[in-house]
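Asks: So that we are looking at the same thing, I have put the structure below in structure tokens.
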Amino acid sequence: MLFLVGVLVIVIGVALSIALHEIGHLVPAKRFGVRVSQYMVGFGPTVWSRRRGETEYGIKAIPLGGYVRMIGMLPPRPGDEPGRLRTLSTGRFSQLVDQARADSMEEVRPGDEDRVFYKLAWWKKVVVMMGGPLMNLLIAAVLLTGTITLYGLPTVVPTIGAVSTCVPTAAPTMTAPLPACQPGDPVSPSQQSGLQPGDRVLSIDGRPVTTWDQVTAAIRRSMGTPLRLEVQRGGARQALTLTPAAIERPTYDSQGNPVVQDGKLVLQRVGFAGVVPRREIVKAPLSDAPRFVWDRTLDTAAIIVRIPEKMVGVVQAAFGSGDRDPNGPISVVGVGRIGGEVAALDVPADAGGNWAKLAQLVLLIASLNLALFVFNLVPLLPLDGGHVAGALWEAVKKGWARLRRRPDPGYVDVAKGLPIAYTMSMVLIAMSVLLIYADIVKPIRLFG
């Protein structure tokens, strides 16, 4: 039952995200005078619809997208008029382009000549087409900000989570960069000092401590030199002396990967105490939200840029014996499945309970909106970014013509990009089918 609740939350979140995305197109289009004949959430057969004014609002059977139908999205060829469009082409793609022009103009009625999309100023076209992606960004920003400020995020804090029993004497290797304890290894400095799980480090050598990085830095610098720690244990403060041991540990680059030279780890001598930090849910100040949203957006963009590469792994996993990459692309089916698994988790009350699960579901929906925002910025039709690119190119052409005192070059004919749009559509459909299949036969499991 909880699994189904999680799936339902994701389905509703996806549907609302799609609906708001389309509203992002609808509102500015109407504001600029474009006649909008349809506002639909979903594809396929219509489940429900109502006409309000000149626009039909409805829900369709397949909730995998939506659309706003604006009249005159594509400009006619010179010499064509609404209701009298010529078909001059004989090539297959050319005929498809001609048909698309005809479909775009078929709803243009007498009096609508100046209410078509293609006659908008270039900047108005950008506003209309960017309205959808920006709505997804706004949704993600609100959800992410609400989550980190009202609930919080798992954060490493300067509190002892676990204490090691020994100082490992085995040398780090490629297969075991952090060697385990072996019989006869000396007792760890943390055990000798009397540190216990739950101790919160307040100061080291008289200097206040607020982050675990400060604790780590002090330990790594102090090889054999005693450190005076003040910790809070329960309701009391205690003074302890910790003398880190000097051991060999791998060095890491800025991405957190071990540095390797000639097939071997590059080691450095550092202080070792044998302590592991605790993670706690910590609320972030509102001032941290812009940076958090920006970082998540960059992370999403990095994943989307690598989708072609990642799809190779999806194919190998779906039709072979390999495992799915947990950081690879997934379909709406996969997102719903993960949402169900989150809802079905048994999270103890001291770890957040149902609030923790709700926060994870909200973060899933926020991540999906970030993906919609970034993906729709790709400057190719039929994505919103393709229309934005056409509008910007129109601005460049008209600006250059004015600068050179040449005649207005007219509207950019985005219909010429429709062959690319048809190819992109086929690619997107194939990717969607493959991802849905992979999410059914070889799903990504984040929780075992």
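The values are calculated or read from the model by the stated rules, or taken from the named source; none is laboratory data. Because the structure is a prediction, the values reported are computed rather than measured. Cβ: placed from backbone, ideal geometry, glycine included. Neighbour counts: every protein chain shown.
Asks: As an exercise: evaluate P183 against (1) under 31 Å from the mean Cα position of the chain (by Cα); (2) at pLDDT below 90; (3) farther than 18 Å from V275 by Cβ and give the number of the one condition it does not meet.
Replies: Condition (1) is where P183 drops out.
Asks: While we're here: Please verify whether P154 is within 30 Å of L370 (Cα to Cα), out of contact with any helix residue (DSSP H, G or I) (no Cβ under 8 Å at 6 or more places or on another chain) and surrounded by fewer than 21 Cβ atoms within 10 Å (Cβ to Cβ), treating the condition exactly as stated.
Replies: Judged against the criteria, P154 is a match.
Asks: Considering only region 255-264, I want to know if a residue exists there that is surrounded by 16 or more Cβ atoms within 10 Å (Cβ to Cβ) and within 30 Å of G146 (Cα to Cα).
Replies: Looking for residues that are surrounded by 16 or more Cβ atoms within 10 Å (Cβ to Cβ) and within 30 Å of G146 (Cα to Cα), one finds none in region 255-264, hence no.
Okay, residues lined up against (1) more than 30 Å from Q191 (Cα to Cα); (2) within 17 Å of the chain's Cα centre (by Cα):
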site: Q268; (1), (2): no, no
site: W294; (1), (2): yes, yes
site: F319; (1), (2): yes, no
site: I330; (1), (2): yes, yes
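Asks: Right, R200: in contact (Cβ under 8 Å) with a residue 24 or more places away in the chain and of a type in the set (K, R) or not?
Replies: Taking the combined requirement at face value, the residue satisfies it.
Asks: If a residue must be surrounded by fewer than 16 Cβ atoms within 10 Å (Cβ to Cβ) and touching a strand residue (DSSP E or B) at 6+ places or on another chain (Cβ under 7 Å), how many such residues does region 36-53 contain?
Replies: 9
Asks: Counting only residues that are of a type outside the set (S, T, N, Q) and farther than 18 Å from V312 by Cα, how many does region 425-446 have?
Replies: The total comes to 2.
Asks: Any residue that is part of a strand (DSSP E or B) and β-branched (V, I, T) - is there at least one of those in region 211-224?
Replies: Checking region 211-224: not a single residue is part of a strand (DSSP E or B) and β-branched (V, I, T).
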